[in-house]
There are 4 protein chains.
Amino acid sequence: MGTAHFVYPGAVHTRLHHSLGATHLMGQALTILRKKGVAITDEECVAAQQAILLHDIGHGPFSHALEHTIATGVTHEEISHKIMERLNDLYDGKLETAISIFDNKYPKDFLHQLVSSQLDMDRMDYLNRDSFYSGVSEGVIGYDRILQMLTVSGGGVVVEEKGIHSVEKFIVARRLMYWQVYLHKTVLGTEQLIINILLRAKQLAQQGKELFATPAFRFFLYEQISAADFSSDRKILDLFCLLDDADISASIKVWALHEDEVLSTLCNMILDRNLYKVKLSTQPLEEEYEQLKNKALASGKIKEEDFPFYLFSGSTSNSTYNKDDDRINILMKSGELVNISNVDNALITPSLTVPVRKYYICYSRHLLN
Amino acid sequence: MGTAHFVYPGAVHTRLHHSLGATHLMGQALTILRKKGVAITDEECVAAQQAILLHDIGHGPFSHALEHTIATGVTHEEISHKIMERLNDLYDGKLETAISIFDNKYPKDFLHQLVSSQLDMDRMDYLNRDSFYSGVSEGVIGYDRILQMLTVSGGGVVVEEKGIHSVEKFIVARRLMYWQVYLHKTVLGTEQLIINILLRAKQLAQQGKELFATPAFRFFLYEQISAADFSSDRKILDLFCLLDDADISASIKVWALHEDEVLSTLCNMILDRNLYKVKLSTQPLEEEYEQLKNKALASGKIKEEDFPFYLFSGSTSNSTYNKDDDRINILMKSGELVNISNVDNALITPSLTVPVRKYYICYSRHLLN
Amino acid sequence: MGTAHFVYPGAVHTRLHHSLGATHLMGQALTILRKKGVAITDEECVAAQQAILLHDIGHGPFSHALEHTIATGVTHEEISHKIMERLNDLYDGKLETAISIFDNKYPKDFLHQLVSSQLDMDRMDYLNRDSFYSGVSEGVIGYDRILQMLTVSGGGVVVEEKGIHSVEKFIVARRLMYWQVYLHKTVLGTEQLIINILLRAKQLAQQGKELFATPAFRFFLYEQISAADFSSDRKILDLFCLLDDADISASIKVWALHEDEVLSTLCNMILDRNLYKVKLSTQPLEEEYEQLKNKALASGKIKEEDFPFYLFSGSTSNSTYNKDDDRINILMKSGELVNISNVDNALITPSLTVPVRKYYICYSRHLLN
Amino acid sequence: MGTAHFVYPGAVHTRLHHSLGATHLMGQALTILRKKGVAITDEECVAAQQAILLHDIGHGPFSHALEHTIATGVTHEEISHKIMERLNDLYDGKLETAISIFDNKYPKDFLHQLVSSQLDMDRMDYLNRDSFYSGVSEGVIGYDRILQMLTVSGGGVVVEEKGIHSVEKFIVARRLMYWQVYLHKTVLGTEQLIINILLRAKQLAQQGKELFATPAFRFFLYEQISAADFSSDRKILDLFCLLDDADISASIKVWALHEDEVLSTLCNMILDRNLYKVKLSTQPLEEEYEQLKNKALASGKIKEEDFPFYLFSGSTSNSTYNKDDDRINILMKSGELVNISNVDNALITPSLTVPVRKYYICYSRHLLN
């Protein structure tokens, strides 16, 4: 959950827990589908569980926060894929099918959908787990009931009609977790703070300034690594795999004493929990941004070029249900397949398919004092 | 939960649990409102807790199922009111304010709303309690967070803007519990079975037939009691208060051997868990009803006059959110009060305010064999 | 849990829940034993589950409280046995093996031990269930871990050495539940009150006095039924099976208005929750008993012959671990079998095998006012 | 919980959680004692909560594991004391009373006992918390009931007689958690592995070898710091406070490539989860130790001086109840104070006061292959 423990201190569960949980749910889902007569071989069972076990293995430190900061233009899915390839070599091709499922190239589409889709085992696990550890009880979903209602029709994973209320509840829980936890304004602000620390450190590294870091972290600070580099140089993936939160945390504590004022200020902000102040709104906040900017510039405290580290705006959006991308099909008793947003009397109406955009401003408190 | 334990065997919690729970939540809600500066006297605190503690005391055996069968045209609220009056006499007027709050005659409207409204302590307690004991985890609501978000504005209970997702979740949980638990087809069918047993017993009593019953239950079987009788004859309320599920259960076991075939058949159906078969549909089921009726009549097994006890149809409806009756007002950060169905980007759109009607047929399995 | 809900209002779970739970645990235990190589046929699996499902079916109303009051000298195990025989006839001998296991006549002793012994599935279920519903969290046992540690050695169920702390914890939890819940002084007093109501009603019935009761309950009130009668007259078991708590509750409400003062007083005591005052001590309470008796007799309020219904003493005992009867064998890593009370450094020392006796006085509060 | 998550992956809760939880329980305990008439001023309430909030603040990385390795001869209590002194200066003496309570110099002894004694808020919190997060449900204690039973007598914290079974259960839960979690053989082995890594790193540092480390960690590696140094040099505490698990983890990952074979081997063992093999026994394991040693020496794989890092033995002990140190006094109904091990029929008999010693051998698996 990245930086969510800054708001919900209990949320210290790890990616290992989540991966094991999702693998467990995959096992249950496959058993249920087989009992309903869906043809799944033993080998496919193992492969689908390998695929979900490893689906997040490409995540770097602090999860999504640093996804595009440590290395540019490489998604965690691409890195997961590369690590799976490496493991596949190591284990004489035993992950061939798992990789094919992960990449959505395996003929039985529904196996990939169990790994990655609106109703995948990933979401089934993390919504309940994050709800449990954060104490936001409203994120609880009836994952066991949804699993029982899954079936395969037209080659894809669908939900039996009598599971419709459970799916509605799942979508609503996800909506709630987004606005209340994942996009909580303090969570968002802390994430931005960590990103800015990394960006500043990279700026300094480019200028040849000395920065404390573990050798692996140093490599990604001082080199500009792109997706192409990962492919051409085997060593880069090795180094990436050595990184975890400890590399970043240990450096931040050291950088708090760095001579660069911006870097040390940002690092002290996180160590002292003196986080950005965040304003969130459904309307653009340009006017307030300008006012704050002028006020801060007038105060003369901050050099103009350092400005973006102390005051910035942005926006984030989330749709409750995207009827094209998310497409959850319900298998009606009549045998018909219907997108849940088209089912009569459903909660998930077309109006919910429009994404909601929220605008934010973040600024350092010392800017205005 | 009436007959819900026929489907969810764990659902054996009692009205006492619920009343104590709702009283506990009322105490919490009042403390929160006072902290926010809402003027509530100590006397009003006690009275609001008395009112919620006693709000359901007028329920007869098997809850809603027999509400209009044991006595005609008297609601459980009216009986609660009468019992509260009786207690008020007994305790020298100490429930005066509680009764006034219960009857919605007390000047501070919001106190009545905490006892009875869309966001009352009754629902806050029963949704979570029923969810817990039935094992339908999806009914869980974040009651503690909703309580924290309550405030009073314009004289009424409203919810602060940042509580909006919790309220959405609450409405969705209620919707789910309705369709999945309270109106579950087996629950509905069992309820109808108990009602029919009582109706048949009353028919026989009117014809002067002898029926085993406790004296109190006998009174309500052989006399036709209306709301007016409760007022004119003090003794009737005394007798009503003696009734509980045990009176009905003990009689049903004896009636299973009664010479009247309809009565004994219905009683044996419930004792042997040979319940009505129930069909539920969003479309009227007239055609199927006619087919079943003709088939059954043709078989000659059943006398035409006994028919309605073995095959009948009906309908039930529930709206996710009734924007007039349910009216949940959100206090926006701007200070404006907005009905939740009119809030931008809310889940509770006007389309959800139309009630959903479901049609059902119930019939005894032996009818067609 | 008989009358425990008078102290722990949540304790309203039913014998059905317990029987299903114990059957579920039996299934798990058998699976675990089979995985360890213990020879158990499919037929034995079904039979052991039937035996545990039905092990308590002979319990009459209010559980242990009325065990020897409704019928004299018949244990609930004997009645369970008789009902199982009846079901065996009905299902063409399909319960033959189950009955043999239940009666401890089946060659594989360990199957009976899973149904009835210190570590049986009965205790595994009820300790956790009663702990959960009463809210006495300290009764929680690690049943899943104990099940994992079970094995068969020397023909009997034993526990692997590494499960020893879990078994200690189980014995301590049982000890705690006994003194804190099952033998809680108010629970004990309420049980005695119900017994006395039944005893008084039977006295009156013997004298030919009229008493309201369902036909089945009337039979056991007016006739003196012994174990022999159950065997000679098939009808008696039929009548016994018709009884449940509702028969007793419905009668108690009617008897509260009976002309016999003792009966009506006792019934009103339970309806008004004006229970016996109970004193519990590790020392005999004869002196206090005599003082109370003299004081009450002097007051002249009560006829001497009615006395035992209003003031009486008794004792109850429970041993934490009875090393002969309870015998829990631990399979040491060395292969040796050792009674847990003889294991080095174990918590369960021989001193704990001496039963603790507690003495009590119960008396009606009105006796002394 | 130090290294417990190597066995119980869920056990990732933090010292912050524990400190907040213990502070919460302290608040409850003080409220209960005040309601019973124990004189406690508002200032003492705040101070006792400050003392428990900060009681563990002197713990370094990996909790107890590295307590005497990072700095020699300084307990975490001494460091907690020093940090509290520092905070006291910072906040103008506002922690004066808290420090006096923490140091057991405050006249009201019972306040210190709530912070540190057999029944302190520390244990009340960590037993339940560790039980919850590790999933070892048997560690659950009825902390709420124990708190309700606390009172003060003879100047000390005591437990009312009716709480005796809850205290027995608490002692048994603690015993179980020790043997099953805190001293679990894999937990113990992992702890020894981390200690050995640190010891080896310090050896190399003493020899002037270069080791990657954060500046703060480097200081404690290259300098030999004693309790006296903490007092004479203010800066040392500042550096100690900068240390957390991340400093150690980040170094271990780098050291896995160090040229020193012992250091890199040990670091790779923990990174690859190729932990020591551990044998635990109630008997000394000298013979097995000698056999293993000879076998390993014969293989010639390991230099004799590196030996202690790959094979070593030791012992650990724990007493269920130490009747002198642990002294839990029960306030009998008679008014008498009795040590729980002297209460009649108690579970906690004098025989349980003898500590149990367990012997262990740890060795690296590669030693023998």
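The values are calculated or read from the model by the stated rules, or taken from the named source; none is laboratory data. From a predicted model like this one, the values you see are computed outputs, not experimental measurements. Because the Cβ atoms are built from the backbone with ideal geometry, glycine has one as well, and the counts that use them run over all protein chains shown. Ligands, DNA and RNA are excluded from the accessible area calculation, which covers all protein heavy atoms including side chains. Shrake-Rupley method; radii C 1.70, N 1.55, O 1.52, S 1.80 Å.
Taken as a whole, the structure leaves D:Lys303 outside the set of residues that are away from chain C (no Cβ under 14 Å), touching a Phe, Trp or Tyr at 6+ places or on another chain (Cβ under 9 Å) and either without any contact (Cβ under 8 Å) to a residue 60 or more places away in the chain or surrounded by fewer than 18 Cβ atoms within 10 Å (Cβ to Cβ) (or both).
For (1) in contact with a strand residue (DSSP E or B) (Cβ under 8 Å, 6 or more places away or on another chain); (2) open to solvent by less than 10 Å² (accessible area, probe 1.4 Å); (3) free of Cβ contacts under 8 Å to residues at least 24 places away in the same chain; (4) basic (Lys, Arg), each residue gets a yes or a no:
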residue: C:Thr151; (1), (2), (3), (4): yes, no, no, no
residue: C:Val158; (1), (2), (3), (4): yes, yes, no, no
residue: C:Glu161; (1), (2), (3), (4): yes, no, no, no
residue: C:Val167; (1), (2), (3), (4): yes, yes, no, no
residue: C:Phe170; (1), (2), (3), (4): no, yes, no, no
residue: C:Leu176; (1), (2), (3), (4): no, yes, no, no
residue: C:Val187; (1), (2), (3), (4): no, yes, no, no
residue: C:Glu191; (1), (2), (3), (4): no, no, no, no
residue: C:Gln206; (1), (2), (3), (4): no, no, yes, no
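If you go through the range B:128-149 and pick out every residue that is within 19 Å of the chain's Cα centre (by Cα), open to solvent by 50 Å² or more (accessible area, probe 1.4 Å) and among the charged types (D, E, K, R), you end up with 1. Inclusion of B:Ala256 among residues that are surrounded by fewer than 20 Cβ atoms within 10 Å (Cβ to Cβ) and either under 20 Å from B:Val74 (Cβ atoms) or hydrophobic (A, V, I, L, M, F, W, C) (or both) is warranted. I'd like the full set of residues that are open to solvent by 20 Å² or more (accessible area, probe 1.4 Å) and within 12 Å of the chain's Cα centre (by Cα), limited to the range D:44-67. Answer for the range D:44-67, where residues must be open to solvent by 20 Å² or more (accessible area, probe 1.4 Å) and within 12 Å of the chain's Cα centre (by Cα): D:His59, D:Gly60, D:Phe62, D:His64, D:Glu67.
Only one entry in A:Tyr321, A:Tyr289 is of a type in the set (Phe, Trp, Tyr) and either closer than 30 Å to A:Met149 by Cβ or without any contact (Cβ under 8 Å) to a residue 60 or more places away in the chain (or both), namely A:Tyr321.
So that you can scan it fast, the table gives a plain yes or no per residue for (1) without any contact (Cβ under 8 Å) to a residue 60 or more places away in the chain; (2) open to solvent by 20 Å² or more (accessible area, probe 1.4 Å); (3) acidic (Asp, Glu):
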| site | (1), (2), (3) |
| --- | --- |
| D:Arg234 | yes, yes, no |
| D:Ser251 | yes, no, no |
| D:Met269 | no, no, no |
| D:Leu275 | no, no, no |
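So that you can scan it fast, the table gives a plain yes or no per residue for (1) of a type in the set (Gly, Ala, Ser); (2) on the phi < 0 side of the Ramachandran plot; (3) within 10 Å of chain A (Cβ to nearest Cβ); (4) not in a helix (DSSP H, G or I):
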site	(1), (2), (3), (4)
D:Phe217	no, yes, yes, no
D:Phe220	no, yes, no, no
D:Leu237	no, yes, no, no
D:Ser249	yes, yes, yes, no
D:Val254	no, yes, yes, no
D:Leu263	no, yes, no, no
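Annotation: of all residues in the range C:121-151 being within 18 Å of C:Arg34 (Cβ to Cβ) and not hydrophobic (A, V, I, L, M, F, W, C), the one that is modelled with the lowest pLDDT is C:Asp144.
Taking the range D:308-357 and the strands (runs of 3 or more DSSP E) fully enclosed by it, the elements with 2 or more residues that are among the aliphatic types (A, V, I, L, M) and either modelled with pLDDT of 85 or more or surrounded by 15 or more Cβ atoms within 10 Å (Cβ to Cβ) (or both) are at D:329-331, D:337-339.
Close Cβ contacts (under 9 Å, 6 or more residues apart or on different chains) running from residues in the range C:342-354 that are within 8 Å of chain D (Cβ to nearest Cβ) and more than 18 Å from C:Ser317 (Cα to Cα) to residues that are in a helix (DSSP H, G or I) and at pLDDT below 70 comprise C:Thr349/D:Ser351.
When we screen A:Thr97, A:Thr14, A:Thr23, A:Thr72 for residues that are in contact (Cβ under 8 Å) with a residue 12 or more places away in the chain, surrounded by fewer than 21 Cβ atoms within 10 Å (Cβ to Cβ) and within 14 Å of chain D (Cβ to nearest Cβ), the only hit is A:Thr23.
The residues listed here are B:Tyr289, B:Tyr359, B:Tyr310, B:Tyr276; of these, the one that is more than 30 Å from A:Pro355 (Cα to Cα), within 14 Å of chain A (Cβ to nearest Cβ) and in contact with a strand residue (DSSP E or B) (Cβ under 7 Å, 6 or more places away or on another chain) is B:Tyr359. Considering only residues in the range C:178-188 that are under 16 Å from C:Pro9 (Cα atoms) and in a helix (DSSP H, G or I), the one that is nearest to the other protein chains (Cβ to nearest Cβ) turns out to be C:Gln180. Filtered by the rule that a residue be basic (Lys, Arg) and in contact (Cβ under 8 Å) with a residue 12 or more places away in the chain, the range A:26-54 gives a lone residue, A:Lys36. When D:Val136, D:Val158, D:Val172 are checked against the criterion of being of a type in the set (Val, Ile, Thr) and more than 10 Å from every other protein chain (Cβ to nearest Cβ), a single residue qualifies: D:Val158. Residue check: D:Asp244 meets all listed conditions (1) more than 29 Å from A:Leu239 (Cα to Cα); (2) open to solvent by 50 Å² or more (accessible area, probe 1.4 Å) but one, namely (1).
Of the conditions (1) under 30 Å from B:Ser334 (Cβ atoms); (2) at pLDDT 95 or above, A:Tyr289 clears all except one; give me its number. Here A:Tyr289 clears every test but (2).
Can you tell me which residues in the range A:201-215 are charged (D, E, K, R) and at positive phi?
none
For D:Gln224, indicate whether it is modelled with pLDDT under 95, touching a strand residue (DSSP E or B) at 6+ places or on another chain (Cβ under 8 Å), part of a loop (DSSP other than H, G, I, E, B) and more than 26 Å from D:Val7 (Cβ to Cβ). Yes: the conditions hold for D:Gln224.
With respect to (1) at pLDDT 95 or above; (2) within 14 Å of chain B (Cβ to nearest Cβ), the lone exception for C:Pro9 is condition (1). For the range D:26-39, taking the residues that are aliphatic (A, V, I, L, M) and either outside any loop (DSSP other than H, G, I, E, B) or out of contact with any strand residue (DSSP E or B) (no Cβ under 7 Å at 6 or more places or on another chain) (or both), the one that is farthest from the other protein chains (Cβ to nearest Cβ) is identified as D:Ala39.
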